[in-house]
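Below is one structure; the comments refer to it alone.
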């Protein structure tokens, strides 16, 4: 039986009206949520075109639609989509963002997984696609897609995050965009495929093979170098995403998955793995995906995704409908392992309290967190701060900028601050 | 052994370490000969391994660049919608650092590889080796790294030392 709610639970756990996380486990407390978009609020107050009997709506009095071979979201959810940012001269070079503000739980629908393409989505015929493993191996091998489907498989329920995600955080002024269009180059899926160690063992690794160059079959022939140690430890050649074959924009028919490492290493449309004694120094590990520091030196091979969290509700562009108890909810993740703790603050970081982590809490996977906040109608600044199981603590923006400057572009993982004004409007602030 | 028993015996761990299933693997890789591998292998390493025969100079590359690259990269490699390739006006340790081939890219071989592999984006892979060498030479010349008539080929390219060659620190790899 669930505990019931008592007025004691409304005693603050931290400044600014944050309540103890036990509140969320009890019945009887009704949580308000931030209004997402203008259309939703407008729709709530608007009369439908035809008055209907709510107890006997038309769809209960006539047969429904027949079966479908592949289901699609409700037409009423058509506004939930990726936002696209691409080069108008080269429409296949750009990104699309996962609408984090519109999603719940920890899994990203495949059709809303973020995209980063350098020159479009290749139209690959799986019957003609091959994976070649060569270089410092005893026997170079070629695999058909059909043959890879016959290997033993394993799954990773993990996030993939682009190294360039959240890069607007380096800007002088806080960008005002929905959280997904700022931080949404990260998504979380179940990836299923063949452990790469099996394929490398089959080819027979030369002891001198310390690196591998992975190459995709897109129009850029995108390639990067990855240490063999990582490939042997936990990388897979993924063929399935969330139970179905990988979507074209996510790497069909197969992609590399490198758990916890930045997105560019998870090479889509994988077609070649060359074992070598050194990195190839491709464009995407030298000119890009390296971080310039104020000293003029740069960080290179910054593979691991550091711990990060953000509030998806309330978040930038949303509105609170008046003083009430609100549910704060968000996502946390770390490339180093499990999220150990997420703390939230409603007073700009002066005081913190622990958020409730929703099960499951898996390594290198999205972790959903929730907290209860009693808003009194005064301006407030909301933050979340992740700590992972290695003890790494997500840094404040000022600390990250002090360490890295503002021109590194990649690997921005600072604490995200949302300002709430007296009218309840939520904006992005640096605080 | 059933699949379930096989998985249990092999220590299948969902969401954790990759299971050790090698013993069960069917070994369906098709051996390929070095000659067949050569058709796939376009990697170019900093020491020049993988560079093909051919050559070009900046003088030859300029016309190619103007015709095929300038629309996106701008005249002289600057001012277009694509990334800036040349013409840096401020240093990497200044308040508004300018990352170009000349100021930032550590290896000249990367310029050739990217050009041959991916460019131009409307017709990737369409440049001959000579043309890719010529465009590479032009970009190195536009960044004041080589002279206009310096011939770039498989021997000379790896010897071109880029200004930022030693400007990187490796974080998560040796």
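The values are calculated or read from the model by the stated rules, or taken from the named source; none is laboratory data. All values reported here derive from a predicted model rather than from experimental measurement. All Cβ positions, even for glycine, are placed from backbone atoms using ideal geometry, and neighbour counts span all protein chains on display.
The table that follows gives values for the structure above.
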{"quantity": "Residues of the range A:100-143 satisfying the condition of being within 21 Å of the chain's Cα centre (by Cα), more than 19 Å from residue A:218 (Cβ to Cβ) and assigned to a loop (DSSP other than H, G, I, E, B)", "calculated": "A:103, A:104, A:105, A:106, A:107, A:108, A:109"}
{"quantity": "Residue match in the range A:29-52 (condition: within 27 Å of residue A:357 (Cβ to Cβ), modelled with pLDDT under 95 and not in a loop (DSSP other than H, G, I, E, B))", "calculated": "yes"}
{"quantity": "Within the range A:189-199, considering residues that are in a helix (DSSP H, G or I) and buried (at least 24 other Cβ atoms within 10 Å of the Cβ), the one nearest to the other protein chains (Cβ to nearest Cβ)", "calculated": "A:198"}
{"quantity": "Residue list for the range A:372-412, restricted to those being within 14 Å of chain B (Cβ to nearest Cβ), in a loop (DSSP other than H, G, I, E, B) and crowded, with 18+ Cβ neighbours inside 10 Å", "calculated": "A:392, A:405, A:407, A:408, A:410, A:411"}
{"quantity": "Hits in the range A:252-289 (condition: at the interface with chain B (Cβ under 10 Å from one of its Cβ atoms), assigned to a helix (DSSP H, G or I) and in contact with a helix residue (DSSP H, G or I) (Cβ under 6 Å, 6 or more places away or on another chain))", "calculated": "A:283, A:284, A:286"}
{"quantity": "Unique match (being crowded, with 19+ Cβ neighbours inside 10 Å and farther than 14 Å from residue A:255 by Cβ) among A:135, A:92, A:120, A:111", "calculated": "A:135"}
{"quantity": "Which listed residue, of A:95, A:90, is away from chain B (no Cβ under 13 Å) and more than 30 Å from residue B:27 (Cα to Cα)", "calculated": "A:95"}
{"quantity": "Which listed residue, of A:215, A:202, is at pLDDT 95 or above, in a strand (DSSP E or B), in contact with a strand residue (DSSP E or B) (Cβ under 9 Å, 6 or more places away or on another chain) and at the interface with another protein chain (Cβ under 10 Å from one of its Cβ atoms)", "calculated": "A:215"}
{"quantity": "Restricting the range A:4-28 to residues that are in a helix (DSSP H, G or I) and modelled with pLDDT of 80 or more, the residue that is surrounded by the fewest Cβ atoms within 10 Å (Cβ to Cβ)", "calculated": "A:15"}
{"quantity": "Check on residue A:335, outside any strand (DSSP E or B) and either touching a helix residue (DSSP H, G or I) at 6+ places or on another chain (Cβ under 8 Å) or buried (at least 20 other Cβ atoms within 10 Å of the Cβ) (or both)", "calculated": "yes"}
{"quantity": "Residue within the range A:390-408 that is in contact with a strand residue (DSSP E or B) (Cβ under 6 Å, 6 or more places away or on another chain) and free of Cβ contacts under 8 Å to residues at least 60 places away in the same chain present", "calculated": "no"}
{"quantity": "Count of the range B:35-55 residues which are part of a loop (DSSP other than H, G, I, E, B), within 11 Å of chain A (Cβ to nearest Cβ) and on the phi < 0 side of the Ramachandran plot", "calculated": "8"}
{"quantity": "Pick from the range B:24-34, criterion surrounded by fewer than 16 Cβ atoms within 10 Å (Cβ to Cβ) and at pLDDT below 95, ranking: nearest to the other protein chains (Cβ to nearest Cβ)", "calculated": "B:26"}
{"quantity": "Given (1) facing chain B (nearest Cβ under 10 Å); (2) farther than 20 Å from residue A:86 by Cβ; (3) not in a helix (DSSP H, G or I), index of the condition residue A:240 fails", "calculated": "(1)"}
{"quantity": "Per-region count, the range B:92-117, residues over 25 Å from residue B:53 (Cα atoms) and facing chain A (nearest Cβ under 7 Å)", "calculated": "5"}
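Yes/no per residue for (1) away from chain A (no Cβ under 14 Å); (2) farther than 30 Å from residue A:229 by Cα:
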site	(1), (2)
B:124	no, yes
B:141	yes, yes
B:148	yes, yes
B:152	yes, yes
B:160	no, yes
B:166	no, no
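For every residue, the table says whether it meets (1) out of contact with any helix residue (DSSP H, G or I) (no Cβ under 7 Å at 6 or more places or on another chain); (2) more than 14 Å from residue A:268 (Cα to Cα).
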residue	(1), (2)
A:116	no, no
A:120	yes, no
A:126	no, no
A:139	no, yes
A:142	yes, yes
A:148	yes, yes
A:151	no, yes
A:155	yes, yes
A:159	yes, yes
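Residues checked against (1) modelled with pLDDT under 95; (2) not assigned by TED's automatic domain parsing to the domain that holds residue B:130:
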| site | (1), (2) |
| --- | --- |
| B:11 | yes, yes |
| B:22 | yes, yes |
| B:46 | no, yes |
| B:59 | no, no |
| B:65 | no, no |
| B:68 | no, no |
| B:74 | no, no |
| B:81 | yes, no |
| B:102 | no, no |
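Yes or no, residue by residue, for (1) under 30 Å from residue A:232 (Cβ atoms); (2) crowded, with 21+ Cβ neighbours inside 10 Å; (3) in contact with a strand residue (DSSP E or B) (Cβ under 8 Å, 6 or more places away or on another chain):
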| site | (1), (2), (3) |
| --- | --- |
| A:70 | no, no, no |
| A:139 | yes, no, yes |
| A:154 | yes, yes, yes |
| A:169 | no, yes, no |
